[in-house]
1. Here is a list of conditions, (1) among the hydroxyl-bearing types (Ser, Thr, Tyr); (2) at pLDDT 95 or above; (3) closer than 24 Å to Pro93 by Cα, and Thr22 meets all of them except one; can you say which number that is?
2. Inside segment 1-19, can you point out the residues that are loosely packed, with under 12 Cβ neighbours inside 10 Å, among the acidic types (Asp, Glu) and either in contact with a Lys or Arg (Cβ under 6 Å, 6 or more places away or on another chain) or at pLDDT 90 or above (or both)?
3. When Leu23 is evaluated against the numbered criteria (1) surrounded by fewer than 14 Cβ atoms within 10 Å (Cβ to Cβ); (2) touching a residue at least 24 places away in the same chain (Cβ under 8 Å); (3) assigned to a helix (DSSP H, G or I), which criterion, by number, is the only one it fails?
4. With respect to Thr75, determine if the residue is farther than 21 Å from Thr31 by Cβ, of a type in the set (Val, Ile, Thr) and loosely packed, with under 15 Cβ neighbours inside 10 Å.
5. Kindly indicate which of Val46, Val87 is at pLDDT 95 or above and aliphatic (A, V, I, L, M).
6. Under 8 Å between Cβ atoms, which residue pairs at least 6 apart in sequence (or on different chains) link something in segment 52-81 that is farther than 14 Å from Ile42 by Cβ with a partner that is acidic (Asp, Glu) and surrounded by fewer than 13 Cβ atoms within 10 Å (Cβ to Cβ)?
Amino acid sequence: MDPYAPTAAEWDMIGNNITFLTLALLSALITGPSFLIAHAIIPSAVATRSIPEKFNKLRPIFYIVGFLGLVSIITFFCLAYFNVYEVLQRIYPSFWQ
């Protein structure tokens, strides 16, 4: 299996792929803490009366941010997959046979 040398256009697609994966990572860094705050920290702190009951009204906002982040992670991974599939098929044509 001898790979072909990537062209400038393929390097551009690989660069786009790295951008998609970086955006997925940044989305994960937003999504995780949002779900953690909404599902664990706020209810626990309200139950122990460390913070007032009115902070429960913030939970839906954190859930919405978390779900939007989850959707963006899935979107960026799908974009990366469909982008890299085409490039890898050109670089390693015999691998897909």
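1. Of the numbered conditions (1) among the hydroxyl-bearing types (Ser, Thr, Tyr); (2) at pLDDT 95 or above; (3) closer than 24 Å to Pro93 by Cα, the odd one out for Thr22 is (3).
2. Scanning segment 1-19 gives no hits.
3. Looking at each condition in turn, Leu23 falls short on (1).
4. So Thr75 does not fit the description; no.
5. Details: Val87 fails: at pLDDT 95 or above.
From the options Val46, Val87, the qualifying one is Val46.
6. Note: no pairs meet the criteria.
The values are calculated or read from the model by the stated rules, or taken from the named source; none is laboratory data. Predicted, not measured: the structure shown is a model, and the values here were computed from it. So basically every Cβ, Gly included, is an ideal-geometry build from the backbone, and we count neighbours across all protein chains shown.
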